[in-house]
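Undergrad: Sharing a structure, written as structure tokens. Questions coming.
The values are calculated or read from the model by the stated rules, or taken from the named source; none is laboratory data. It should be emphasised that the depicted structure is a prediction, and the values quoted were computed from it without experimental measurement. Cβ atoms come from the backbone with ideal geometry, glycine included; neighbour counts cover every protein chain shown. Only protein heavy atoms, including side chains, enter the accessible area calculation; ligands, DNA and RNA are left aside. Shrake-Rupley method; radii C 1.70, N 1.55, O 1.52, S 1.80 Å.
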Amino acid sequence: MVSADDLCTLIQKGGVCRDVAGSTVSEILSSAVSCMKLPAGLDADLLKKELIEREKILSTAVGNGIALPHPHRKVIDTAEDQRIAVCFLKTPIDMQAPDSRKVYVYFILLTAASQQHIDILSGIANLAKDKAFKLLLESCPDEAALLAGIRKCMA
């Protein structure tokens with residue numbers, strides 16, 4: 001299981017982006033990658049390609065306005081390079097979510113190993129069930145407020 005501190009550290013590494021523009025999933029992912037803090041040596045174009053390829057297989061929208069994009073194939077090799085970028089969209093987009101709600105926030109996951117990926121997905125999924133956390137997300141918080149909210153909800 002992933003802790004609040006783990007999630008917060010990963011988000012600090014990936015960054016929080018607001019007003020991410022685009023009218024298609026591909027455009028939004030391209031804009032999101034442009035504002036993310038990428039690990040040294042990771043090619044932004046490769047990451048964009050892998051994120052788009054993954055979306056073509058099956059939408060990463062999970063409901064409640066949240067999507068969890070991640071690369072189709074592994075693009076990083078070390079735990080030190082892992083990160084989560086939280087991207088608030090300028091305009092919500094239909095991504096065929098199970099609840100039919102438009103997506104307004106992406107949690108873009110870069111993980112080095114399958115178990116870590118699953119643990120992080122589980123941590124975010126548990127947070128997404130929390131009413132206070134959902135309300136926080138809807139306010140498009142800055143990084144400090146988001147991290148404080150995660151710590152409070154996972155306490």
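Undergrad: Residues being in contact (Cβ under 8 Å) with a residue 40 or more places away in the chain and surrounded by fewer than 18 Cβ atoms within 10 Å (Cβ to Cβ): count how many of those fall in the range 54-67.
TA: So the answer is 1.
Undergrad: Still on this model: If a residue has to be over 21 Å from residue 58 (Cβ atoms) and either surrounded by fewer than 20 Cβ atoms within 10 Å (Cβ to Cβ) or more than 14 Å from the chain's Cα centre (by Cα) (or both) to count, how many in the range 117-145 make the cut?
TA: 17
Undergrad: I'd like to verify a number: residues in the range 38-53 that are under 16 Å from residue 112 (Cα atoms) and open to solvent by 30 Å² or more (accessible area, probe 1.4 Å), how many?
TA: 5
Undergrad: Just to check your reading of the model, which residue among 150, 118 is within 20 Å of residue 1 (Cβ to Cβ), among the β-branched types (Val, Ile, Thr) and free of Cβ contacts under 8 Å to residues at least 24 places away in the same chain?
TA: 118
Undergrad: Follow-up. Could you please let me know if residue 113 is surrounded by 13 or more Cβ atoms within 10 Å (Cβ to Cβ), farther than 25 Å from residue 135 by Cβ and of a type outside the set (Lys, Arg)?
TA: Criteria met by residue 113.
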